[in-house]
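Heads up: the structure comes next, in structure tokens.
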Amino acid sequence: MAKLPSGLQTYEPSDTVRRIAQNENIEATDALFHGTGGHRHTGKAGDAPLIGTESIAGGAVTGDKIASTAVTGDKVARYTLCRRHLKSGRISGNAAKYKPVTVTAGQLSGLPTVPYFQSGEHFWALYSAYNKFPQSMTVMLGDEYSDIEGVSFEKGWNADPVSFYIETSSDNTNWRKVYTYSRSVTDEFPRYHPFDQAAAGSYIRLTVTAPDSSGNTIIAGFGVLSRACPESSPDFKVENGVLKFHDGSGWKGVGIKSVQRGTTNISFFYPNGNGSLVKEVTITAVNPQKSFVNITTTGLSHWSQTSPMMDGSVCATLVGNNKVKFNFMDGFYEAYAEISWEVIEFA
């Protein structure tokens, strides 16, 4: 049996352990923690790092390891998690994702609100050689959000603004400033900027007041974080039983919109002219560009009175937006088919 440095005894699975031995381990454990008050930040051996006026010693906690709004001197660390999340138990969603924007100046390429960095495709660029500061970008959220708690930036060209401010509006006319940020050119630019108080609005305006040290600013992956997403304007919604998504240019359907099914038959006998090689069925109108026809058939046909019988072959075509046309090949002497059909329309 081995004894640990703490005084605790270890045992093998096959050992028979007496109660007195268990009590010795309990006494050793009690000696380790009795009178200590539990977990302490004294900096002494066995305790956690000392917490003093300069926060936790030894770099145990840094901005990229834990969310923080802690103040150190005149600097405020603002990173990826807001303490309001912990209080409310809800995580924010990006209300600006794929939403359209307008700018007062600069080069606008694609959508700066695309929620991931795509070099050379989606950004808003300002260059001091061509643009005076301040300049603004307005994001149209599409609906009123009541709990906007911050904005975020994707890290792209390392041309982050030195200073900017954020405004919100419900009508794109009356604006309220909700956040102001500035830094020295050597300070790291935070990706997440939480507001001190949650804001409301259907428009968000980012105004860059000073560029980076090169005189340029490039905004990409701009996000607007909100814990509350209105039912009338999520990224996904159900409308008239159809799932739709918003990609910044409008609402688009997802998946299958409708399925229509039915049965019919075709019969033709040349000698007396009975029947027809063609049959049309009227359906509920669909969008032909988003629809297709499936058919299953069983039947027989032959080319002449003396030719052997063969499987009947039927074609189906969507005519206009509300008819399905079925037909045998011309030239059959005799033909018959039972047809099961469906028209599938995508959203």
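The values are calculated or read from the model by the stated rules, or taken from the named source; none is laboratory data. Computed from a predicted model, the values in this text were never measured in an experiment. Neighbour counts run over all protein chains shown; Cβ positions are idealised from the backbone, glycine included. Just so you know, the surface numbers come from the protein's heavy atoms only, side chains and all, with ligands and any DNA or RNA stripped out. Shrake-Rupley method; radii C 1.70, N 1.55, O 1.52, S 1.80 Å.
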Could you list, in sequence order, the residues of region 205-243 that are modelled with pLDDT of 70 or more and hydrophobic (A, V, I, L, M, F, W, C)?
Leu206, Val208, Ala210, Ile218, Ile219, Ala220, Phe222, Val224, Leu225, Val238, Val242, Leu243
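Go through region 153-215 and tell me which strands (runs of 3 or more DSSP E), entirely inside it, have 2 or more residues that are under 24 Å from the mean Cα position of the chain (by Cα) and more than 22 Å from Leu111 (Cα to Cα).
Details: elements: 163-169, 176-182, 192-210.
It comes to 192-210.
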Of the criteria (1) farther than 15 Å from Gly262 by Cβ; (2) within 47 Å of the chain's Cα centre (by Cα), which one Ser301 fails
(2)
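For region 244-282, enumerate the residues that are within 35 Å of the chain's Cα centre (by Cα), open to solvent by 70 Å² or more (accessible area, probe 1.4 Å) and modelled with pLDDT under 80.
Within region 244-282, Ser249, Trp251, Lys252 qualify.
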Given (1) over 26 Å from Gly241 (Cβ atoms); (2) among the polar types (S, T, N, Q); (3) in contact with a helix residue (DSSP H, G or I) (Cβ under 8 Å, 6 or more places away or on another chain), Thr306 misses just (3)
Count of residues meeting criterion [touching a strand residue (DSSP E or B) at 6+ places or on another chain (Cβ under 8 Å), outside any strand (DSSP E or B) and open to solvent by 60 Å² or more (accessible area, probe 1.4 Å)] in region 283-304:
3
Enumerate the pairs (first residue in region 321-347 and at positive phi; second residue anywhere and open to solvent by 60 Å² or more (accessible area, probe 1.4 Å) and hydrophobic (A, V, I, L, M, F, W, C)) with beta-carbon separation below 8 Å, excluding pairs fewer than 6 apart on the same chain, so at least 6 apart or on different chains.
Gly331/Trp303
Of all residues being touching a residue at least 60 places away in the same chain (Cβ under 8 Å) and among the hydroxyl-bearing types (Ser, Thr, Tyr) in region 93-140, which is most open to solvent (accessible area, probe 1.4 Å)? Just the residue, please.
Tyr116
